[in-house]
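What follows is a set of notes on a single structure, which appears directly below.
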């Protein structure tokens, strides 16, 4: 078996250097926000900066807890959203145990990533390199020398990349899930509506933690839908750089077309909204209501669409959650007004939150995700491990020290 032959140069990053970087991001927050609000709303950018700074400050504890092996090179396919947070999680923090990090940004956010790297690299001085390569070129030229590969993006692309890896390379795949939310008759409808609007409108819906299916117990439907619509009546559309903006234009190509097709197919189920300004890429916050949640068509919306389905008993919810579609994309889930049976059914495969959304547990220093292979997995030595992802923890769990030693021989 061919082994990665790159040497292990020193030195690695130090926790102190990461703390200095966190302080710098805080001190230069306006500059960082100016870069991020090219591709995301100000509120989403503020959330991302806070999350990135917290992850940098928690990195030393994370590494001490998991003690990952030292690597020569990690190759990273950065996602097209949350670019600062991803840069910190998959490049800066791994510099504590990897000597070299090579990055390929997603095409649509390449300029923003390059600008962020130029700003931050002057502070951290780490061996992080952005490669000017297509995805195919990165796979052919940069990935072979890496011991670890991080891919954030579409499952189909991840599978094509995984098929080309050697057995001694470890791959971390970070995709997206359905992230179902259940609202039971026990829930506080105002609280549930407020929390759901906050997470669904984060970055105008363009966030992988957003819920693509909202299950509402029929007994709770009237109060919840009224509360949801009242809250949507007061959300503000505007420019990305306006701190008052709750949602803005869709940034990513193809989303407007996909949503238009979906709403056309289900126009008779549109309860609120449904208007699209194609020229401005403005999708009005839209509530699609299904009388039978088990018949919902679930799409990865990446838009301000609230896909609501009604249910009469927990049997239907549990049966659907045990279906292949939900198993394969099991990532995160939330229950408002939790019941013992729903909690047990969802907790088996999801990161589960109760009476609060996944934003409350989004901690860059702990594993996040579920056990759906289309949502996230770790692949090594011919085996696939769908599980919540944290690079340091996954490396410590699966990547043997002997592989590191052989790589440096």
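Overview of values
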| quantity | calculated |
| --- | --- |
| Helix 42-66 vs. the chain, principal-axis angle (Cα, 0 to 90°, nearest 10) | 50 |
| Shape of region 199-271, Cα gyration tensor, a/c cut at 1.5 | oblate |
| Between 0 and 90°, nearest 10: helix 110-124 axis offset from the chain longest Cα axis | 50 |
| Computed over region 181-361: relative contact order in percent, which uses C-alpha pairs under 8 Å that are six or more apart | 27 |
| Helix 218-232 vs. the chain, principal-axis angle (Cα, 0 to 90°, nearest 10) | 70 |
| Rounded if a/c under 1.5, otherwise prolate or oblate - region 181-361, Cα gyration tensor axes | prolate |
| Reduced Cα scattering model of region 70-188, Debye log10 I(q)/I(0), q = 0.13, 0.16, 0.20 Å⁻¹ | -0.51, -0.73, -1.09 |
| Theoretical ellipticity at 222 nm over the chain - DSSP helices of four or more residues, -39500 (n - 2.57) apiece, nearest 500 | -11000 deg cm²/dmol |
| Relative exposure of 143, 366, judged by other C-beta atoms within 10 Å (fewest first) | 366, 143 |
| Sequence of 228, 21 once ranked by neighbouring C-beta atoms within 10 Å, starting from the fewest | 21, 228 |
| Alpha-carbon radius of gyration plus Dmax, which is the widest Cα pair, for the chain in Å | 21.4, 67 |
| Residues 358, 384 arranged by fewest to most Cβ contacts within 10 Å | 384, 358 |
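Every number here is computed from the coordinates shown, using simple stated rules; none is lab data. Being a predicted model, the structure only gives us computed values, none of them experimental. Neighbour counts run over all protein chains shown; Cβ positions are idealised from the backbone, glycine included.
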